[in-house]
């Protein structure tokens, strides 16, 4: 079991991006192309195992050691604040975590004067920490999706959410007020795995650093 | 049947039932044997402390995790210790100061800590460990690490690593930086997470010299086998870090003469315990288990907080992590259950009592089946409750039948021979 290197990857786009990046350094998994219902894929020859999980669960699998390595957005890491190593910025999946509000509210709103605001978000921890540092009290409304709806129906005046192009926000009449963090996908590593499998993991990090540096830089 | 009385436990604390409790006790016993073999003597610190006294020996992190409350007798705040090391430091500093150093002390106990309300985050923590007080040389640090290795081997771990760091190496690099609080904190967070990408980005704008930058950027990758020390020597130029590397090399040399260097890995970017430790630090990891199972290191400043400055180093095993990680392996190592359930078909109970007493004297674990009516019922009970054998006394009280509960294999025995010590299980 434990001579395998196990990856936890979020299902979907990030998984594809991750596998194409890993492919550049010779880490592949032919089994993945065959079946799409499976949750665990193995490359027995090279001793790699890949698990397809929900993005929010990636840090959990890695923190507890069910996976040695994971790929996850910085937004999830900031929100969950886990005990993990985060050695590499993979520089894909670029987006931003922002504070936004309706355009008409923005016209005569002064964020410097905020003292008590209500915010709808998928990221209550990040939001609370961000505003606590500014001395602003927030009333948080945790939602699981379609955050842009909240200001339209009066659930909250403002939101904290991820944007990539900003199109969804614009279509819903929202404008950005402030960026909380730039977000990209990160490679995360379990603490014990980094020590007990240091040879394979060091090699992986060095190889990845090489191909990431060679490739085009998306974020600055 | 569902019991309608609410009996839930607070989260983060556990009851250990038979088998699990046997395994826990096995870990405690084997580790204590190792501590004794190295000449350590047991202390049993008090279960409750005066908060102000306890806090002298606690870092910020543990202070926040301490269970504290009002003492009705004195009106003062008292606390359950979140860690045993400060208690041993207090004992050494105040109760033993007339004795010659060094002190080799060991303990085995449980402490309470506030923890995040998350699965697998315990608040009741079982610790077994040692403190070596009064020695500042590398050989003392090596003793802790060699004992960590021997302890892990003693409880049946075979695939593990002891990961060593040196906080003075880090201080040599970090102390020279003149960064405002939040930026210094951000740099430390990036180093702790081995987040080279963020560290690079941060250092582009921070006021640090090229030399400092080079040293800082090396930290997230200074982990691996013992060859890491060579990379580290090439990466740093400040005196403190160089001295720390010399110290590490001396510790490694001692571990080589103990013949245990194969279990060692190095991590010079490890910030854990940075505020508390003063030299060599280490953590033990089992292959395939995500959390450290033991940890330790040098803490030269601790006993001074109790008025008795002395160099010191220590080692603690996290018994619950070991229990979880080694659960399967312990099935084979830990004998649980009892040898014999004694069932009598005779109406006079005297022979049963005499036989039970004789067998216990011979060293067997024996319980009397006092309440079941027939042999089948008794056998079912014996099997369910982990008795390895059912011993039946027949009507005449001279013939016995021994039934192995696993395979129901039967052996006929004679009462007087068994009383005399003929039984072999």
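Screening A:82, A:49 for residues that are part of a loop (DSSP other than H, G, I, E, B) and surrounded by 16 or more Cβ atoms within 10 Å (Cβ to Cβ) leaves exactly one candidate, A:82.
Return the only residue of B:359, B:326, B:355 being touching a helix residue (DSSP H, G or I) at 6+ places or on another chain (Cβ under 7 Å) and surrounded by 14 or more Cβ atoms within 10 Å (Cβ to Cβ).
Within the list B:359, B:326, B:355, the selection yields B:355.
Only residues that are assigned to a helix (DSSP H, G or I) and farther than 18 Å from residue A:190 by Cα were counted across segment B:191-218, and they come to 15.
Only a single item in (1) closer than 28 Å to residue A:144 by Cβ; (2) over 12 Å from the mean Cα position of the chain (by Cα); (3) within 14 Å of chain B (Cβ to nearest Cβ) is not met by residue A:59, and it is number (2).
Criterion applied to B:359, B:390, B:355, B:419 was being touching a residue at least 60 places away in the same chain (Cβ under 8 Å) and touching a strand residue (DSSP E or B) at 6+ places or on another chain (Cβ under 6 Å), and the one residue passing it is B:359. Scanning segment B:219-231 for residues that are over 14 Å from residue B:270 (Cβ atoms) and in a loop (DSSP other than H, G, I, E, B) returns B:225, B:226, B:227. The C-beta contact set for segment A:188-211 (first residue more than 8 Å from chain B (Cβ to nearest Cβ), second residue assigned to a helix (DSSP H, G or I), distance under 6 angstrom, 6+ apart or interchain) comprises A:188/A:62; A:201/A:194; A:211/A:24.
Please determine whether any residue of segment A:117-125 is surrounded by fewer than 17 Cβ atoms within 10 Å (Cβ to Cβ) and closer than 22 Å to residue B:189 by Cα. Yes, segment A:117-125 has at least one match.
A quick yes/no check of all residues on (1) touching a residue at least 60 places away in the same chain (Cβ under 8 Å); (2) surrounded by 13 or more Cβ atoms within 10 Å (Cβ to Cβ); (3) over 23 Å from residue B:19 (Cα atoms):
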site	(1), (2), (3)
B:368	no, yes, no
B:372	no, yes, yes
B:376	no, no, yes
B:382	no, yes, no
B:385	no, yes, no
B:395	no, no, yes
B:401	no, yes, yes
B:407	no, no, no
B:410	no, no, yes
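Just one residue in the set B:227, B:262 is surrounded by fewer than 21 Cβ atoms within 10 Å (Cβ to Cβ), within 14 Å of chain A (Cβ to nearest Cβ), modelled with pLDDT under 95 and over 30 Å from residue B:210 (Cβ atoms); that residue is B:262.
All told, residue A:185 falls short of being surrounded by fewer than 13 Cβ atoms within 10 Å (Cβ to Cβ), touching a strand residue (DSSP E or B) at 6+ places or on another chain (Cβ under 6 Å) and either within 14 Å of chain B (Cβ to nearest Cβ) or over 24 Å from residue B:190 (Cα atoms) (or both).
Results for (1) part of a strand (DSSP E or B); (2) within 21 Å of residue B:127 (Cα to Cα); (3) within 14 Å of chain A (Cβ to nearest Cβ), shown as yes or no for each residue.
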residue: B:240; (1), (2), (3): no, no, no
residue: B:247; (1), (2), (3): no, no, no
residue: B:253; (1), (2), (3): no, no, no
residue: B:277; (1), (2), (3): no, yes, no
residue: B:285; (1), (2), (3): yes, yes, yes
residue: B:314; (1), (2), (3): yes, yes, no
residue: B:323; (1), (2), (3): no, yes, no
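Against the definition (over 24 Å from residue A:196 (Cβ atoms) and at pLDDT below 95), how does residue A:66 come out, yes or no? In short, no. Apart from one condition, residue A:132 fits all of (1) within 14 Å of another protein chain (Cβ to nearest Cβ); (2) modelled with pLDDT of 95 or more; the exception is (2).
Okay, residues lined up against (1) closer than 30 Å to residue B:154 by Cα; (2) modelled with pLDDT under 95; (3) in a helix (DSSP H, G or I):
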residue: B:336; (1), (2), (3): yes, yes, no
residue: B:353; (1), (2), (3): no, no, yes
residue: B:363; (1), (2), (3): yes, no, no
residue: B:367; (1), (2), (3): no, no, no
residue: B:396; (1), (2), (3): no, yes, no
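Of the residues B:319, B:271, B:302, the single one that is within 14 Å of chain A (Cβ to nearest Cβ) and more than 30 Å from residue B:406 (Cα to Cα) is B:271. Of the listed requirements (1) more than 12 Å from every other protein chain (Cβ to nearest Cβ); (2) at pLDDT below 95; (3) more than 17 Å from residue A:12 (Cβ to Cβ), residue A:79 misses just one: (2).
Say whether the condition of being touching a strand residue (DSSP E or B) at 6+ places or on another chain (Cβ under 7 Å), within 12 Å of chain B (Cβ to nearest Cβ) and outside any strand (DSSP E or B) is met by at least one residue in segment A:95-118. The answer is no, given that none of the residues of segment A:95-118 is touching a strand residue (DSSP E or B) at 6+ places or on another chain (Cβ under 7 Å), within 12 Å of chain B (Cβ to nearest Cβ) and outside any strand (DSSP E or B).
For segment B:373-394: of the residues being in a loop (DSSP other than H, G, I, E, B) and over 25 Å from residue B:335 (Cβ atoms), which is modelled with the lowest pLDDT?
B:373
Scan segment A:143-162 and give yes if some residue there is touching a residue at least 60 places away in the same chain (Cβ under 8 Å), assigned to a strand (DSSP E or B), touching a strand residue (DSSP E or B) at 6+ places or on another chain (Cβ under 8 Å) and farther than 24 Å from residue A:71 by Cβ, otherwise no. So far as segment A:143-162 goes, yes, one or more of its residues are touching a residue at least 60 places away in the same chain (Cβ under 8 Å), assigned to a strand (DSSP E or B), touching a strand residue (DSSP E or B) at 6+ places or on another chain (Cβ under 8 Å) and farther than 24 Å from residue A:71 by Cβ.
Considering only residues in segment B:150-198 that are more than 14 Å from chain A (Cβ to nearest Cβ) and under 30 Å from residue B:323 (Cα atoms), the one that is surrounded by the most Cβ atoms within 10 Å (Cβ to Cβ) turns out to be B:166.
Table: residues versus (1) modelled with pLDDT of 95 or more; (2) closer than 24 Å to residue B:319 by Cα; (3) in the same structural domain as residue B:165 (by TED's automatic domain parsing).
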{"position": "B:252", "(1), (2), (3)": "yes, no, yes"}
{"position": "B:267", "(1), (2), (3)": "yes, yes, yes"}
{"position": "B:283", "(1), (2), (3)": "yes, yes, yes"}
{"position": "B:292", "(1), (2), (3)": "no, yes, yes"}
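Checking every residue in segment A:35-42 against the condition of being in contact with a helix residue (DSSP H, G or I) (Cβ under 9 Å, 6 or more places away or on another chain), outside any loop (DSSP other than H, G, I, E, B) and closer than 20 Å to residue A:5 by Cβ gives at least one match.
The values are calculated or read from the model by the stated rules, or taken from the named source; none is laboratory data. Quick caveat: nothing in here was measured; it's all calculated off a predicted structure. Don't worry about glycine lacking a Cβ; one is built from the backbone with ideal geometry, like all the others, and counts go over all protein chains shown.
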